[in-house]
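Beneath this line is the structure, given in structure tokens, with notes to follow.
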Amino acid sequence: MGKTVVEKIIDAHRVDQLGEDVVVVRLDAVFCHEITTPMAINDLIERGKDRVFDPTRIKAVIDHVSPAKDSKTAMQGKILRDWARRHGIRDFFDIGRNGICHALFPEQGFVRPGYTIIMGDSHTCTYGAFGAFSAGVGTTDLEVGILKGVCAFPLQKTIRIELTGTLPEGVYAKDVILSMIGILGVEGATNHVIEFCGPVIEQMGMDGRMTICNMAIEAGATCGICYPDETTLDYLWPFIHEEYGDRNAALAAFRTWLPDPDADYARVIRQDVSHLKPMATFGFKPDQVKPAEDMQDVAVDQVYIGSCTNGRIEDLRVAASVLKGRRIHPRVRGIVSPATPAVFRQAMIEGILEIFLDAGFCVTNPTCGACLGMSNGILAEGEVCASTTNRNFNGRMGKGGMVHLMSPATAAASALAGHISPAERRSP
Amino acid sequence: MSNTFSGNILFLDRDDINTDEIIPAKYLTEITKAALKPHLLEDLLLDGFSPARDIPGKSVVVSRANFGCGSSREHAPWAFEVNGIRLIIAKSFARIFRQNMFNCGMMAVTLSGELIDDVFRRFGGRPASVVTDLDRSTFEFRSETDRWIVPFTLSEFEWKMIRAGGWVNFADATYA
Ligand code: SF4
């Protein structure tokens, strides 16, 4: 029997097996941020084991609340910063260089096909867009990852989702993943890895692939994976050209991580996206999804464009194309948060920030902020936010607030309309 | 084998209880577990549930499907732990939450949908407790008028975590 992508990666990294159903793997990278890492650091100190397995394989960023909003968040940043210095962790990103982890670390070239990566953050599943096996873990797994460079996983099954057809205008990667979560349900992929493939993925850029893999966890999946190809190579080439010399050698290495033709899938879903509509969520669970056109009676107080799901340059370009030359509804507060300094700079160069400002948006520095209700746009009780983030849980962006998840284009259209409104078709 | 996996039951009769509901993100700025104690289940959407009234004195949670979904925050198991709750019994768990529980030396045990239905029917809505026998791998559910012994299974990994007192102890002793 052939192997799926995750089976190949785990086989290549296996260091131990604990019983029939748990495998311990060697980690190629451990990523850290200031919310979940300080407790691991403090515990290591308490145990007299303040060490790291390999400072070059550990990357750290202060991203969730930046700049610090109070003494407690300042202390979390300080614990991470001091630890990174103490252990010679060179790839540490503090304010000025920091951005949302799942946008920043790929942008820095830290993610490669075939890698195993953990982070104390559930959206670590994003990195599968590069053909890696990456998984969100808790602080204890993170602590052991930092100390030993290993992590235990239940054996993973694989779901394969083949996306065919052509995305209609106004319909994007976010609409695809929202509709797939609607099909799978919030628990439909627990202890599974999802391989996203087919012509729709092949034609999609890395930003779109990351949007899709980012939300695999919302169906319970451990990781979402796309097959590494020419698009992956274009993105990574600046970081790997010395290692491989020529592109064909790199592509050949990438191909070793493709699934075997006779790989065993727990489930195969084939979906034609040609008639997909702009989608939005309506409840407190990310699988509660319907076409945005059916929700136009929902007035919005705030529109938030950003996060590890949709804060990359492609997302900002699309939103700006909707907003260009127009003003958002007077009752709407618009907030855009470019995910990284590079995205911010590029948006500035392309005149995208100006379009947002002219439309009446506030542009914030790169940070998670409002996405998890920490800072930079927390909702008041009873308020409604049209958001490009990934979680509509009760209280997620502020106690008593309501979050509707959607694409950047639909969020921008909703900002103009003052209520949920599907992204328009551009051509007549 | 004596253990801390027994006591009065808090019934949470809902699917998909997520970790934002268990401990909201605004408390993730705390750097001690004890600080989480008053905020457990603060944002839980469940009719008639009052954290202040319903949590004190409870040591075990019984719930439904996909318990602990969402954010990877280990603050969720910790918030239970500092409230004296070290065992959660449910129809199913999200992967990260379940792993976090065992990594902390706590228990997240699944029972079939039918068994969970029966536990809710026979013991829910009244004072009830559970006695966990680790040697026999059984729960004994008790109320004033009812008793019921139900076997459970754990994987080898999960037993190792309970015996070692969690993943850090185990990994430190096992891997170079
Ligand atoms: S942007 Fe939101 S979902 Fe993404 S890492 Fe930050 S808090 Fe988590």
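In the stretch A:371-428, what is the volume of the convex hull around the alpha carbon atoms, normalised per residue and reported in Å³? Let's see the in-between values first.
Values: hull volume 4.3 nm³, N = 58.
Cα convex hull per residue, to the nearest whole number: 75 Å³.
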- [ ] Would you mind getting me the FRET efficiency between A:I95 and B:S112? Use the beta-carbon distance for r and R0 = 41 Å, nearest 0.05.
- [x] 0.25
Open item on the list: What lysines does A:K49 reach when the alpha-carbon gap must be under 18 Å and sequence neighbours fewer than 8 apart in one chain are set aside?
Closed with: A:K148
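Mean residue ellipticity at 222 nm from the helices of chain B, using -39,500 (n - 2.57) per DSSP H segment of n ≥ 4 over the full residue count, to the nearest 500 deg cm²/dmol? Kindly include the intermediate steps, with their values, before the conclusion.
Values: 7 runs with 53 residues, N = 176.
The helix-only estimate for chain B comes to -8000 deg cm²/dmol at 222 nm.
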Open item on the list: Can you list residues from other chains, or at least 5 along the same chain, whose modelled amide H is less than 5 Å from the amide H of A:G283?
Closed with: A:Q288
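Give the calculated FRET efficiency between B:D15 and A:E424 to the nearest 0.05, with a Förster radius of 45 Å applied to their Cβ-Cβ distance. Intermediate results must be reported in sequence, preceding the final value.
Working: r = 36 Å, r/R0 = 0.81.
So, using R0 = 45 Å, E works out to roughly 0.80.
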Open item on the list: Bin width 10 Å, origin at 0, all Cα-Cα pairs of the stretch A:196-242: what percent of pairs per bin?
Closed with: 25, 49, 23, 3
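For n ≥ 4 DSSP H runs only, could you compute -39500 (n - 2.57) per run for chain A, divide by its residues and tell me the 222 nm figure to the nearest 500?
On the way: 15 runs with 143 residues, N = 428.
Helices in chain A give a 222 nm mean residue ellipticity of -9500 deg cm²/dmol.
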- [ ] Evaluate Rg over Rh across the stretch A:1-77, taking Cα atoms for both radii and Kirkwood's formula for Rh.
- [x] 1.11
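If you take every DSSP beta bridge whose two residues both sit in chain A, what share of them, in percent to the nearest 5, is antiparallel?
Details: 14 of 58 bridges.
So the antiparallel bridges in chain A amount to around 25 percent.
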- [ ] Take every Cα-Cα distance within the stretch A:75-205, group them into 5 Å bins from 0 onward, and report for each bin the whole-number percent of pairs it holds.
- [x] 2, 8, 14, 20, 20, 13, 10, 8, 4, 1, 0
Task: the stretch A:249-362 - Kirkwood radius from inverse mean 1/r over Cα pairs (Å) - done: 17.5
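For the stretch A:175-307, what percent of Cα pairs sit more than 17 Å apart? Each step should come with its number before you reach the end.
Numbers: 5837 of 8778 pairs.
I get 66 percent for the Cα pairs in the stretch A:175-307 exceeding 17 Å.
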Open item on the list: Once you place label points 7 Å from the Cα toward the Cβ at A:T166 and A:R331, how far apart are they in nm?
Closed with: 3.9
Task: Alpha carbon Rg of the stretch B:21-125, scaled by the compact-globule rule 2.2 N^0.38 Å - done: 1.03
- [ ] Find the Rg to Rh ratio for the stretch A:272-428, where Rh is the Kirkwood radius over alpha-carbon pairs and Rg uses the same atoms.
- [x] 0.94
Open item on the list: No solvent, one uniform scatterer per C-alpha: report log10 I(q)/I(0) for the stretch B:117-176 via the Debye equation at q = 0.19, 0.28 1/Å, two decimals.
Closed with: -0.75, -1.08
TODO: Have a look at the stretch B:78-154 and give its Rg and Dmax from the Cα atoms, expressed in angstrom.
DONE: 12.8, 37
- [ ] Could you pull out the trypsin sites (Lys or Arg not before Pro) across the stretch A:62-142 that fall in loop regions by DSSP (anything but H, G, I, E, B) with no more than 13 other Cβ atoms inside 10 Å?
- [x] A:R90
- [ ] Give me the compactness ratio for the stretch A:48-117, meaning the Cα radius of gyration over 2.2 N^0.38 Å.
- [x] 1.17
TODO: Calculate one ³J(HN,Hα) per residue across the stretch A:138-143 by plugging θ = phi - 60° into the Karplus curve 6.51 cos²θ - 1.76 cosθ + 1.60, and present them in order as whole Hz with x for glycine and proline.
DONE: x, 5, 5, 4, 4, 4
TODO: Write down Rg/Rh for the protein assembly as shown, rounded to two decimals, with Rg from the C-alpha atoms and Rh from the Kirkwood relation over Cα pairs.
DONE: 0.96
Task: Within a Gaussian network of chain A (alpha carbon springs, distance under 10 Å), most fluctuating of A:V193, A:V144, A:V61 - done: A:V144
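Assign unit charges at the C-beta atoms only (+1 for Lys and Arg, -1 for Asp and Glu), then state the dipole size of the stretch A:1-87 relative to its Cα centre in Debye, rounded to the nearest 20.
Details: 15 positive and 14 negative charges, 86 e Å.
Charge dipole, the stretch A:1-87, about its Cα centre: 420 debye, nearest 20.
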TODO: Take the Cα atoms of the stretch A:1-138, find their three principal axes, and give me the spread along each one in whole Å, biggest first.
DONE: 55, 34, 23
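Report, to two decimal places, the Cα Rg of chain B normalised by 2.2 N^0.38 Å (N = number of residues). Walk me through the intermediate numbers first.
On the way: Rg = 15.5 Å, N = 176, 2.2 N^0.38 = 15.7 Å.
That works out to 0.99 for chain B.
Read-outs throughout are calculated quantities, based only on the coordinates presented, and are distinct from any laboratory measurement. Predicted model only: the values in this text are computed from it and were never measured. Every residue, glycine as well, gets a Cβ built from its backbone with ideal geometry; the counts of neighbours run over all protein chains shown.
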